[in-house]
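**Q** Handing you a structure now.
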Amino acid sequence: MTGTTITSAEVDARRRRLLFRAWHRGMREMDLLLGSYIDAHIVAWSDDEVSAFEHLMDVQDQMLLGWFVGREPVPEPYDTPLWRDMVRFHSGRAIAEGLYDL
């Protein structure tokens with residue numbers, strides 16, 4: 001996967017900017033984690049959900065990756081329903097793709 005599957009016609013300018021930011025983080029692992037999640041959800045998100053994701057986008061890649069892999073605890077302001085949904089989304093994908101056997 002090299003980038004978003006969402007077309008410009010599907011979302012407003014605010015969401016287009018957020019899509020671009022999610023897919024162009026500077027760390028490929030974070031591009032894939034954030035980009036694939038936002039592609040799957042952004043069209044249906046409320047403005048509050050978009051705001052919550054924008055808040056996450058302000059966190060540095062190394063810190064976000066540490067949260068994803070459990071190396072560091074997620075601070076309270078970021079441990080939101082959206083964050084937990086993103087972790088579940090990727091856990092489910094990993095299991096479905098046979099990366100983990102539970």
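**Q** Between Glu29 and Thr7, how many nm apart are label points set 7 Å from Cα along the C-beta direction?
**A** Result: 3.5 nm between the two label points.
**Q** With the crude spin-label approximation of a point 7 Å out along Cα→Cβ, what separation in nm comes out for Ser91 versus Glu54?
**A** 2.9
**Q** Taking 0.36 nm per residue of sequence separation and subtracting the Cα-Cα distance, how much length would be gained by fully extending the chain between Arg84 and Asp61, in nm to one decimal? Please list the in-between numbers first.
**A** Working: separation 23, 0.36 × 23 = 8.28 nm, distance 1.73 nm.
Between Arg84 and Asp61, full extension yields an extra 6.6 nm.
**Q** A further question on this structure: I'd like the Karplus ³J(HN,Hα) series for the stretch 83-91: coefficients 6.51, -1.76, 1.60, θ = phi - 60°, whole numbers in Hz, and an x wherever there's a Gly or Pro.
**A** Each residue's phi maps through the Karplus curve to give 4, 5, 5, 5, 5, 4, 4, 6, 5 Hz.
**Q** Another one. Place +1 on the Cβ of every Lys and Arg and -1 on the Cβ of every Asp and Glu in the chain, take the dipole about the Cα centre, and give the residue among Tyr37, Thr7, Val74 whose Cα lies farthest towards its positive end.
**A** Checked the options; the winner is Thr7.
**Q** May I pose another question? Of the trypsin sites (Lys or Arg not before Pro) in the stretch 60-92, which ones lie in a loop per DSSP and count no more than 12 other C-beta atoms within 10 Å?
**A** On the way: sites: Arg71, Arg84, Arg88; in loops: Arg71.
Those satisfying the criteria are Arg71.
**Q** Oh, and also: Give, as ranges by residue number, the residues of the stretch 1-27 whose backbone N falls under 18 Å from the point 7 Å along Cα→Cβ of Ser46.
**A** The answer is 15.
**Q** Give the label of the value calculated from the structure for log10 I(q)/I(0) by the Debye sum over Cα atoms at q = 0.17, 0.22 Å⁻¹, choosing from [x] -0.71, -1.25; [y] -0.78, -1.30; [z] -0.90, -1.08.
**A** Label [y] holds the value from this structure.
Throughout, read-outs are computed from the coordinates displayed, never taken from laboratory work. These figures come from a predicted structure and were not determined experimentally. As a convention, Cβ positions derive from the backbone with ideal geometry for all residues, glycine included, and neighbour counts pool all protein chains shown.
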